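The values are calculated or read from the model by the stated rules, or taken from the named source; none is laboratory data. Only a predicted model underlies this, so the values are computations on that prediction, with no experimental measurement involved. Glycine also receives a Cβ, built like all others from the backbone with ideal geometry; neighbour counts cover every protein chain displayed.
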Amino acid sequence: MSSIRHLVTRFFEVARAKDLTSAEMTEVVSWLRPDLLELFESQQVADQRHGYECAKRILAQDAGRIDLVGAALLHDVGKRHARLGAIGRTLATVAGALPIPTFKRWSLYLDHPALGAAELL
């Protein structure tokens with residue numbers, strides 16, 4: 001998938017994200033330790049939904065890879081520090097690709113992999 005197509009897809013996924021159902025949350029609870037569940041629940045709805053969908057794709061490909069489910073659920077946990085919606089995330093991504101200074105929240109969003117890793121390690 002091209003970068004632009006991926007970004008457009010993610011924009012609409014973020015903008016239209018729905019809360020996990022109670023059945024979906026029951027699955028998440030069964031997959032995560034309580035401390036990691038707390039981190040999962042601290043994410044925006046869009047990131048919870050995206051993480052859940054990633055986890056389901058992993059299990060659909062190989063039901064034995066439960067070890068990767070937690071990683072899928074929490075791979076964007078660092079994004080919660082930026083507190084950006086769909087438009088803010090888009091602007092941050094575009095600004096990050098240009099040689100211009102970025103706002104603090106945009107920088108936090110762009111640094112989400114390192115922020116999330118620091119919390120999980």
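Conditions (1) of a type in the set (Lys, Arg); (2) in contact with a helix residue (DSSP H, G or I) (Cβ under 7 Å, 6 or more places away or on another chain); (3) at pLDDT 95 or above, marked per residue:
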| position | (1), (2), (3) |
| --- | --- |
| SER2 | no, no, no |
| VAL29 | no, yes, yes |
| ALA63 | no, no, no |
| LEU68 | no, yes, yes |
| ARG80 | yes, yes, yes |
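State whether one or more residues within region 68-81 are without any contact (Cβ under 8 Å) to a residue 40 or more places away in the chain, loosely packed, with under 11 Cβ neighbours inside 10 Å, out of contact with any Lys or Arg (no Cβ under 9 Å at 6 or more places or on another chain) and not polar (S, T, N, Q).
Pass one, region 68-81, residues without any contact (Cβ under 8 Å) to a residue 40 or more places away in the chain: 68-72, 79-81.
Subset that is loosely packed, with under 11 Cβ neighbours inside 10 Å: none.
Taking every residue of region 68-81 in turn, none turns out to be without any contact (Cβ under 8 Å) to a residue 40 or more places away in the chain, loosely packed, with under 11 Cβ neighbours inside 10 Å, out of contact with any Lys or Arg (no Cβ under 9 Å at 6 or more places or on another chain) and not polar (S, T, N, Q).
Identify, please: which residue in region 37-62 is in contact with a Lys or Arg (Cβ under 9 Å, 6 or more places away or on another chain) and hydrophobic (A, V, I, L, M, F, W, C) and is, among those, farthest from ARG89 (Cα to Cα)? Quick ask: steps written out before the conclusion?
Going through region 37-62, the residues in contact with a Lys or Arg (Cβ under 9 Å, 6 or more places away or on another chain) turn out to be 39, 42-47, 49-50, 58-59.
Right, trim to hydrophobic (A, V, I, L, M, F, W, C) and you get 39, 45-46, 58-59.
On the way: LEU39: 20, VAL45: 14, ALA46: 12, ILE58: 25, LEU59: 28 Å.
Selected residue: LEU59.
Specify the residue that is farthest from LEU73 (Cα to Cα); the eligible residues are those in region 25-35 that are surrounded by 17 or more Cβ atoms within 10 Å (Cβ to Cβ) and of a type outside the set (Val, Ile, Thr). Don't jump to the end; show me each part of the working.
Pass one, region 25-35, residues surrounded by 17 or more Cβ atoms within 10 Å (Cβ to Cβ): 27-28, 31-32.
Checking the rest, the ones that are also of a type outside the set (Val, Ile, Thr) come to 27, 31-32.
Values: GLU27: 11, TRP31: 9, LEU32: 9 Å.
That would be GLU27.
Looking at LEU39, LEU20 in this structure, which one is within 20 Å of ALA71 (Cβ to Cβ), touching a residue at least 40 places away in the same chain (Cβ under 8 Å) and either β-branched (Val, Ile, Thr) or surrounded by 10 or more Cβ atoms within 10 Å (Cβ to Cβ) (or both)? Before you say what the answer is, go through the steps one by one.
Working: LEU20 fails: touching a residue at least 40 places away in the same chain (Cβ under 8 Å).
LEU39 is the lone residue from the list that is within 20 Å of ALA71 (Cβ to Cβ), touching a residue at least 40 places away in the same chain (Cβ under 8 Å) and either β-branched (Val, Ile, Thr) or surrounded by 10 or more Cβ atoms within 10 Å (Cβ to Cβ) (or both).
Condition check: surrounded by 12 or more Cβ atoms within 10 Å (Cβ to Cβ), assigned to a helix (DSSP H, G or I) and in contact (Cβ under 8 Å) with a residue 40 or more places away in the chain. Does VAL14 satisfy that?
Values: surrounded by 12 or more Cβ atoms within 10 Å (Cβ to Cβ): yes; assigned to a helix (DSSP H, G or I): yes; in contact (Cβ under 8 Å) with a residue 40 or more places away in the chain: yes.
Considered against the rule, which asks whether it is surrounded by 12 or more Cβ atoms within 10 Å (Cβ to Cβ), assigned to a helix (DSSP H, G or I) and in contact (Cβ under 8 Å) with a residue 40 or more places away in the chain, VAL14 comes out as yes.
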